[in-house]
């Protein structure tokens, strides 16, 4: 048995699927906070499972020392110190170009790019890696700002947001397969109607990619189909209608505004919507605001014992994910695998070097 096994759970309904796919398409995943023993263990585990090529940013001697202390091999693990990298001057010039495109100027582009999160974002934007996972040692805003500054957004997504994957085989009504996607769980405190519709459509696309079938996306409210006339309920109703109009050529089901029990429990739906067509449990939940989504996610994790992966950053042209400072090795590994699988899709959609500012 691997000496790393104590830090990782057995693959579940979500991770087993993506681990298997990544063995055929391993991707280069950058960890900007590489001087973290959790990242060292995750990197070694990725190599051991043959699901990816980890790239750790930080001081080389410190990272090597952590590997040695843990008794882990550095084979197929790449370490980069941004301040000593041969790509530093190239990235600085490219950042200056990005800022000129925005009509801005930088005092010291080299100093900016030397910071690990910004260096990782530049690697991602210019195809020096396939995906980035960060946030394990910093506040979320620092990680998100680096991505928003360096990585080109999708033109059709009005606002970048994040989604979490919740897995709980032991929980009733947690999606139809024990997998549930939540949005937006990390970035936008009070999204507009157009943004909520976009969250529904984009998270539905991701759910379809992971699940391999038509997902059911529900926009949540304290109201079910007009049971309340509150402005917040009517906003979710409007967002639902807008999202439906945007998926006519996509294999995604959209519903709303619904209460959480109606969205997840078919028996509750029968009571509250007796005349409605029968549906299974939702695969994606879109929340009216960040408070509702983040609190729900934390309760599912810490009270119900669900496993959480992400936050997957949505609305960028390259895959990235933010993990909390409290993340376990299991969460980081699953999240890295998730963005690795997203990178497989990105490579199918875009030719290398096609995504430019």
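The values are calculated or read from the model by the stated rules, or taken from the named source; none is laboratory data. Every value quoted in this text rests on a predicted model; they were computed, and no experiment measured them. When we count neighbours, we look across all protein chains shown, and the Cβ atoms used for this are built from the backbone with ideal geometry, even at glycine.
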Test set (1) in contact (Cβ under 8 Å) with a residue 40 or more places away in the chain; (2) farther than 16 Å from residue 289 by Cβ - residue 232 fails condition number: (2)
Long-range neighbours under 6 Å by Cβ, at least six apart or interchain, first residue at negative phi within region 14-32, second surrounded by fewer than 19 Cβ atoms within 10 Å (Cβ to Cβ) and at pLDDT 95 or above: 19/11; 23/50
Residue identified as surrounded by fewer than 24 Cβ atoms within 10 Å (Cβ to Cβ) and in contact (Cβ under 8 Å) with a residue 40 or more places away in the chain among 115, 152: 152
Options 285, 258; residue that is buried (at least 21 other Cβ atoms within 10 Å of the Cβ) and over 29 Å from residue 139 (Cα atoms): 258
Residue in region 39-74 that is nearest to residue 120 (Cα to Cα), counting only those that are touching a residue at least 40 places away in the same chain (Cβ under 8 Å) and part of a loop (DSSP other than H, G, I, E, B): 58
Where residue 239 falls short, out of the listed (1) in contact with a strand residue (DSSP E or B) (Cβ under 7 Å, 6 or more places away or on another chain); (2) at pLDDT below 95: (2)
Residue ranges of helices (runs of 4 or more DSSP H) in region 96-161 with at least 1 members farther than 22 Å from residue 337 by Cβ and either more than 24 Å from the chain's Cα centre (by Cα) or at pLDDT below 90 (or both): 109-114
